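Since the structure comes first, as structure tokens, the remarks are kept for the end.
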Amino acid sequence: MISDRSDATTPGREDLVTVRFPEPAVAAGSTPLPVRLRELVAAAPDRPIASDGDTVLTRAEFDARTNRLARYLAARGVVRGDLVSIALPNTVTHLECSVAAWKLGAVPQPLSAKLPPAERDAVLSVAAPALVITETPDASGYDDDPLPDVVGPSWKAPTSGGSTGRPKVIVAGQAACVEQALGRVDGLRIERDGVMLCTAPLHHNAPYMFSLMALLQGHHVVLMQRFDAARTLELVGEHGVSWLYVVPTMMGRMLRLPPEHWSSATLGSLRTVLHVGAPCPPDVKRGWLERVGPGTVLELYSGTESQAGTAIDGRDWLAHPGSVGRVVRGEIKICDDDGRELGPGETGEIWMRSGGAPAYHYLGAVPKEQDGWESLGDMGHFDADGWLHLADRRSDMILVGGANVYPAEVEAALTAHPQVRDAVVVGLPDDDYGRIVHAIVQPVQGPGSGLADELREHCARLLSPYKNPRSYELVDHPLRDDAGKVRRSELAAARSGVSARASRS
């Protein structure tokens with residue numbers, strides 16, 4: 001533990017409350033999140049609520065343990081409005097710490113347990129939490145009776161470094177009450193009393209948010225401590241998973257499993273397979289639609305900031321291939337560099353606004369804002385029917401001889417090759433074109449001779465000449481983390497030229 005503020009021992013000490021961000025209005029009679037948990041306990045105390053492969057907790061056990069843990073946090077100075085940083089692996093303790101923070105009106109702030117010290121310190125200097133939890137707390141000596149009900153000023157505060165690596169904390173604009181934190185649960189198809197399988201690290205916003213929402217909906221939240229493609233299929237059948245969270249990287253890895261893994265899998269319990277986090281290659285999308293049915297697959301597009309968002313199911317995707325959906329929350333428009341709104345089919349920067357109460361508040365950053373509209377740096381276009389199609393982040397776009405190249409399009413072409421496990425495209429300096437397209441490829445069978453030539457021919461059939469990679473680098477390690485994240489700017493900066501194993505045309 002660090003940043004232990006031990007001068008307070010009583011939950012709710014108003015003289016110590018310092019909320020560093022605007023508080024949303026909370027209607028009288030709103031239900032604090034811990035009250036929802038008590039309701040779940042009353043309905044089915046012995047039903048499993050969380051497990052991680054090593055530990056299984058019932059609703060009653062989870063509620064009692066988080067009562068003790070809340071008192072443990074309070075004894076170390078945590079009060080309403082404080083941030084509590086949770087730097088733990090994917091275990092039930094991670095979820096317990098979040099709920100314990102809610103029971104004090106504090107704000108849980110998930111943090112990667114694997115951050116190097118310098119990067120962790122940079123995040124903590126922005127978050128300034130009351131407490132950082134880096135190991136499983138021992139709260140066994142504390143009382144497990146219910147605590148006084150309290151609604152915290154925010155229900156979560158994940159971090160993001162984006163492509164720049166500069167940390168910021170994104171404090172949700174929803175208070176820690178059922179009416180606000182679960183306001184979008186129906187659109188996410190998180191029905192009551194299901195089984196949710198979380199495949200990704202909880203320090204990322206989407207798996208963290210969906211796991212907590214599922215828990216509050218009475219789901220048994222099954223946490224994978226580390227993603228494994230084959231084990232994911234097994235867990236769906238073992239637990240009767242109804243709601244599966246994945247990202248395109250995972251989806252691709254699962255599709256590449258030997259056929260016997262799929263033929264032996266029991267997937268009939270699945271009601272929703274939701275994916276977010278990165279553009280999904282069309283071949284991967286179609287593979288999943290074939291295996292679980294178009295009505296089961298749901299894709300979302302939004303940022304952690306959550307000003308606005310789109311959604312699309314598999315049926316609509318087949319009618320509008322490549323789209324990430326129609327706007328289902330907030331407002332979205334596409335603009336050129338001069339701020340002029342663009343029409344259908346014209347690619348530009350995506351601008352969003354919530355159209356209501358603030359969706360979030362930054363610590364350590366300032367929004368990119370114009371006249372109430374905000375941009376996260378993504379590029380895209382609407383088609384004539386109002387379906388949004390993504391291009392890429394502005395910072396990732398490669399300008400080749402004056403023409404725009406969007407890495408996601410090139411990566412989709414590369415991963416369509418049967419010998420490519422994954423690919424990341426970056427721009428490298430070039431005296432002639434300004435930038436050239438460089439492809440970093442993880443082959444299915446590991447680096448070997450001849451694949452670069454095959455990929456040149458393959459991409460030539462799928463892409464315009466200026467979009468084709470001019471150089472290829474074959475690697476034998478994963479290019480993205482388990483949440484599908486990659487920092488292209490870091491990969492590009494590390495390559496002053498083409499690596500020793502790169503093949504250049």
**Q.** Hits in the range 321-359 - residues which are over 21 Å from the mean Cα position of the chain (by Cα) and of a type in the set (S, T, N, Q)
**A.** 347
Q: For the range 376-386, name all the residues that are over 21 Å from the mean Cα position of the chain (by Cα) and in contact (Cβ under 8 Å) with a residue 60 or more places away in the chain.
A: 383, 385, 386
Q: For the range 73-87, state whether one or more residues are under 21 Å from residue 197 (Cα atoms) and buried (at least 20 other Cβ atoms within 10 Å of the Cβ).
A: yes
**Q.** the range 380-419, residues that are of a type in the set (Asp, Glu), surrounded by 22 or more Cβ atoms within 10 Å (Cβ to Cβ) and not in a strand (DSSP E or B)
**A.** 396, 411
Q. Basic (Lys, Arg), over 18 Å from residue 278 (Cα atoms) and out of contact with any Phe, Trp or Tyr (no Cβ under 8 Å at 6 or more places or on another chain), is that true of residue 340?
A. yes
Q. Counting only residues that are under 17 Å from residue 199 (Cα atoms) and either modelled with pLDDT of 95 or more or not hydrophobic (A, V, I, L, M, F, W, C) (or both), how many does the range 270-298 have?
A. 10
(Q) Show me the helices (runs of 4 or more DSSP H) found entirely inside the range 75-188 where at least 1 residues are at pLDDT below 95. (A) 117-127
Q: Take the residues in the range 360-375 that are part of a strand (DSSP E or B) and under 20 Å from the mean Cα position of the chain (by Cα), then tell me which one is surrounded by the fewest Cβ atoms within 10 Å (Cβ to Cβ).
A: 362
Q | Subset of the range 88-129 that is of a type in the set (A, V, I, L, M) and surrounded by fewer than 20 Cβ atoms within 10 Å (Cβ to Cβ) - its residue that is nearest to residue 148 (Cα to Cα) | A | 128
(Q) Can you tell me which condition residue 423 does not meet? The list is (1) closer than 29 Å to residue 346 by Cα; (2) assigned to a helix (DSSP H, G or I); (3) at pLDDT 90 or above, and all the others hold. (A) (2)
Q | Unmet criterion (only one of (1) farther than 15 Å from residue 482 by Cα; (2) crowded, with 24+ Cβ neighbours inside 10 Å; (3) not acidic (Asp, Glu)) for residue 199 | A | (1)
**Q.** Residues located in the range 301-315, provided they are free of Cβ contacts under 8 Å to residues at least 40 places away in the same chain and closer than 14 Å to residue 388 by Cβ
**A.** 302, 309
(Q) For the range 207-280, give me every one of the strands (runs of 3 or more DSSP E) that falls completely inside it and has 3 or more residues that are within 25 Å of residue 418 (Cα to Cα). (A) 272-275
(Q) With the requirement that a residue be on the phi > 0 side of the Ramachandran plot and either in contact with a helix residue (DSSP H, G or I) (Cβ under 6 Å, 6 or more places away or on another chain) or of a type in the set (Val, Ile, Thr) (or both), what does the range 339-391 give you? (A) 364, 377
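The values are calculated or read from the model by the stated rules, or taken from the named source; none is laboratory data. Predicted, not measured: the structure shown is a model, and the values here were computed from it. We place every Cβ from the backbone using ideal geometry, glycine too, and count neighbours over all the protein chains shown.
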